[in-house]
Amino acid sequence: MKLRSRSITILLLAFMFLGMNLTAQVINVPGKSQKHFGETYPNAKEIKWKNNVSDYVAKFKQDSHNYNAHYNIDGSWDYTEKAIDSTELPVPVKTATHNSRYADWKALSFAYVENNKKQKLYRTELKKGISRKYVFYDESGKEVKSSTTL
């Protein structure tokens, strides 16, 4: 009797774990976000939506690049990042990064960013010690903004 009771308990725990795991995968993406995404990125592959509580992110591949499309909680598009290699940076941006106050920081990643303000920027993710920063440049190499990352 103890063996049967123990088996039932193990089965119930397994079903509960599977059930919690499956429900954790369900994301209710706003229809506005889904519509914009489908119209803007019709050739997207390997699409994975993520809910970050304050926004939604669609991670996907297109034209051999990785993208992250960010949507506000109301479903409106905020910005999209396209991961790029340093060789894809325009020459003025490369020059600006080498001559900036962050020239001695290690570059971790680069991205081309388009946002809902119609800005087209290049983002560098930098690290020095335990500090990390995002620095954004326009196509001419002018630093537009920087922010600390977590």
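Some observations on this one:
- Stretching the chain fully between residue 98 and residue 142 yields a gain of 14.6 nm (0.36 nm per residue, less the alpha carbon separation).
- Virtual spin-label span in nm between residue 86 and residue 54, 7 Å along Cα→Cβ: 3.0 nm
- Contact order, relative form, for region 34-118: 20 percent (alpha carbon pairs under 8 Å, 6 or more residues apart, mean separation divided by residue count).
- Cross-link partners of residue 50 among aspartates and glutamates, defined as those whose alpha carbon lies under 17 angstrom from its own and excluding same-chain residues fewer than eight positions apart: 74, 78, 81.
- Violating pairs (Cα-Cα greater than 19 angstrom) within the set 120/142; 45/133; 48/118; 94/118: 45/133; 48/118; 94/118
- Residue 132 versus residue 76: modelled label distance in nm, points set 7 Å from Cα along the beta carbon direction: 2.8 nm
- In region 81-150, chymotrypsin sites (Phe, Trp or Tyr not before Pro) in a DSSP loop with at most 15 other beta-carbon atoms within 10 Å: none
- Each of 135, 113, 53 has some number of other Cβ atoms within 10 Å of its Cβ, and from fewest to most they run 53, 113, 135.
Where a number appears in this text, it was derived from the coordinates with a stated rule and is not lab data. Bear in mind the structure is a predicted one, so any value in this text is a computation, not a measurement. No Cβ is skipped: glycine too gets one built from the backbone with ideal geometry, and neighbour counts run over all protein chains shown.
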